1. Residue by residue, what Karplus-based ³J(HN,Hα) values in Hz, rounded to whole numbers, does the stretch 60-75 have, using 6.51, -1.76 and 1.60 with θ = phi - 60° and x for Gly and Pro?
2. Tell me the net charge near LEU52. Cut-off is 13 Å between Cβ atoms, LEU52 excluded, with +1 for each Lys or Arg and -1 for each Asp or Glu.
3. Give the accessible surface of the stretch 1-73 per residue, rounded to a whole number of Å², with probe radius 1.4 Å and ligands, DNA and RNA excluded.
4. Pick from ARG34, ARG65, ARG14: which residue has the top mean-square fluctuation in a GNM of the chain where Cα pairs under 10 Å get a spring?
5. I'd like the carbon and sulfur percentage of the solvent accessible area for the chain, probe radius 1.4 Å, heavy atoms only, ligands and nucleic acids excluded.
6. What's the magnitude of the charge dipole for the chain around its Cα centre, counting Lys and Arg as +1 and Asp and Glu as -1 at the beta-carbon? Answer in Debye, nearest 20.
7. Where is the GNM fluctuation largest for the chain (alpha-carbon springs, 10 angstrom cutoff): LYS37, LYS24, LYS61?
8. Work out from phi, with θ = phi - 60° and the Karplus expression 6.51 cos²θ - 1.76 cosθ + 1.60, the ³J(HN,Hα) of each residue of the stretch 17-22, listed in order in whole Hz, and give x for Gly and Pro.
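The values are calculated or read from the model by the stated rules, or taken from the named source; none is laboratory data. Note that this is a predicted model, so its numbers are computed, not measured. Please note: Cβ atoms are built from the backbone with ideal geometry, for glycine as well, and neighbour counts cover all protein chains shown. For the accessible areas, the whole protein counts, side chains as well, though only heavy atoms, and no ligand, DNA or RNA atoms are used. Shrake-Rupley method; radii C 1.70, N 1.55, O 1.52, S 1.80 Å.
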Amino acid sequence: MIVIHEIVDEVAMRLRLPHVAAGKVALAQDIEERGVKHQMQLSRQTNCTKDLNTQFEKLFKTYWRGQPIRQIYVV
């Protein structure tokens, strides 16, 4: 989780510079040698680090079963 928090912090900071907001978060995993992507639409667009981290924590706790996380997305 620490790495995800650090990445989200950096992405949120970059979003704030041009005053852009994210509307969706996603995790991509390797499961049984194939890629799987789980995503969550946010209830409102945000560039707040705390809000984005909360959503990533929900995704992570819901879908992670020990598989490597390949990528995280903030869209």
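1. Using θ = phi - 60°, the values come out as 4, 5, 6, 10, 6, 10, x, 6, x, 8, 7, 8, 10, 10, 10, 10 Hz.
2. Details: positive: ARG14, ARG16, LYS24, ARG44, LYS50, LYS58; negative: GLU6, ASP9, GLU10, ASP51, GLU57.
Local charge sum for LEU52: +1.
3. Details: 4960 Å² over 73 residues.
Accessible area per residue: 68 Å².
4. Taking springs between Cα atoms under 10 Å, the residue moving most is ARG34.
5. Values: 2680 of 5100 Å².
Carbon and sulfur: 53 percent of the exposed surface of the chain.
6. Working: 11 positive and 8 negative charges, 54 e Å.
Using only the charged Cβ atoms, the result is roughly 260 debye.
7. LYS61
8. With coefficients 6.51, -1.76 and 1.60, one gets 4, x, 6, 9, 10, 8 Hz.
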